[in-house]
Amino acid sequence: MGIQTATDLIIDSVKEVLEIDGLEVEVSADMPLIGSESALDSMDLVELCLALEEKASDCGFEFDWTSETAMSRSRSMFRSVKSLSEEYIRQYEARK
């Protein structure tokens, strides 16, 4: 799995979560996932993480989206789609 594949996976997952809310939002790698500029509310973020957990399980690894920095604006994996993709890939590659 490459970073582009992970980015596409996360973009598709974000779109699915937003469609449940009836929102049509342009989703890009730079889209923030937390903070005032995010289209996701806290429940949407949890739904996204649960969906990624399930997809990770299908790929043979456990995606851990909990950490002490999870909601930090400067260090969180949820700063953007890209940063979440990078963390997803890091965990995928560390599964061995």
*Would you check which residues across the range 57-85 are modelled with pLDDT of 90 or more and surrounded by 14 or more Cβ atoms within 10 Å (Cβ to Cβ) and list them?*
Phe61, Phe63, Met77, Phe78, Arg79, Ser80, Val81, Lys82, Ser83, Leu84, Ser85
*For the range 8-40, what are the residues that are surrounded by 11 or more Cβ atoms within 10 Å (Cβ to Cβ) and without any contact (Cβ under 8 Å) to a residue 12 or more places away in the chain?*
Asp8, Asp12, Glu19, Ser38
*asked:* So Glu54 ticks every box in (1) assigned to a helix (DSSP H, G or I); (2) at pLDDT below 90 but one. Which box is left unticked?
replied: (2)
*Can you tell me which residues in the range 5-22 are within 18 Å of Tyr88 (Cβ to Cβ) and not basic (Lys, Arg)?*
Thr5, Ala6, Thr7, Asp8, Leu9, Ile10, Ile11, Asp12, Ser13, Val14, Glu16, Val17
*How many residues does the range 5-51 hold that are over 10 Å from the mean Cα position of the chain (by Cα), part of a helix (DSSP H, G or I) and closer than 15 Å to Glu87 by Cβ?*
1
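The values are calculated or read from the model by the stated rules, or taken from the named source; none is laboratory data. Small disclaimer: the values here were computed from a predicted structure and weren't measured. Using ideal geometry, Cβ is built from the backbone for each residue, glycine included, and neighbour counts are taken over all protein chains shown.
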